[in-house]
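The values are calculated or read from the model by the stated rules, or taken from the named source; none is laboratory data. What you see is a predicted model; the values in this text were computed from it and never measured. Please note: Cβ atoms are built from the backbone with ideal geometry, for glycine as well, and neighbour counts cover all protein chains shown. For the accessible areas, the whole protein counts, side chains as well, though only heavy atoms, and no ligand, DNA or RNA atoms are used. Shrake-Rupley method; radii C 1.70, N 1.55, O 1.52, S 1.80 Å.
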Amino acid sequence: AVKCAPEERGDFLRWLDDFEHEKLGLPRPDLVLYLDMPTLRAVELLRRRESDTNTHADIHELDTQYLAACRECALQAAGQEVWSLTAPLL
């Protein structure tokens, strides 16, 4: 969804929800928990992991603007009705 224009994401997410759950018959989750992390903090943790494990970030992890766009998209998706709770929290 991050590759869609922000104003098109809602339509895409509704289409994806219909495709996965209605057409393919995949079960709907009872609950979706989204843990939000500021992009700069995520980047700090990625760089620390690289240093600690002597590894290199992948192409997406290197692109801070892409990571920020992914976060923005996820926050938008979390606000969509397709991510709303289908069962009350007990």
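Filtered by the rule that a residue be modelled with pLDDT of 90 or more, in a loop (DSSP other than H, G, I, E, B) and not small (Gly, Ala, Ser), region 18-35 gives 24, 26, 27.
Looking only at residues in region 26-69 that are in contact (Cβ under 8 Å) with a residue 12 or more places away in the chain and touching a His at 6+ places or on another chain (Cβ under 8 Å), the one that is farthest from residue 9 (Cα to Cα) is 28.
Determine, yes or no, whether residue 48 is more than 30 Å from residue 7 (Cα to Cα) and exposed (fewer than 12 other Cβ atoms within 10 Å of the Cβ). Yes: the conditions hold for residue 48.
Taking the stated definitions as given, is residue 48 over 15 Å from residue 80 (Cβ atoms) and either in a helix (DSSP H, G or I) or in contact with a Phe, Trp or Tyr (Cβ under 8 Å, 6 or more places away or on another chain) (or both)? Yes. Quick check on residue 61: is it at negative phi, open to solvent by 80 Å² or more (accessible area, probe 1.4 Å) and in a helix (DSSP H, G or I)? No: the conditions fail for residue 61. Does residue 63 fit the bill of being of a type in the set (Asp, Glu), over 23 Å from residue 16 (Cα atoms) and at pLDDT 90 or above? Answer is yes for this residue. Checking each residue in region 22-45 for being open to solvent by less than 70 Å² (accessible area, probe 1.4 Å) and over 28 Å from residue 66 (Cβ atoms) picks out only 25. For region 4-17, check the following and say yes or no: at least one residue is within 16 Å of the chain's Cα centre (by Cα), assigned to a loop (DSSP other than H, G, I, E, B), surrounded by 10 or more Cβ atoms within 10 Å (Cβ to Cβ) and modelled with pLDDT of 90 or more. Checking region 4-17: at least one residue is within 16 Å of the chain's Cα centre (by Cα), assigned to a loop (DSSP other than H, G, I, E, B), surrounded by 10 or more Cβ atoms within 10 Å (Cβ to Cβ) and modelled with pLDDT of 90 or more.
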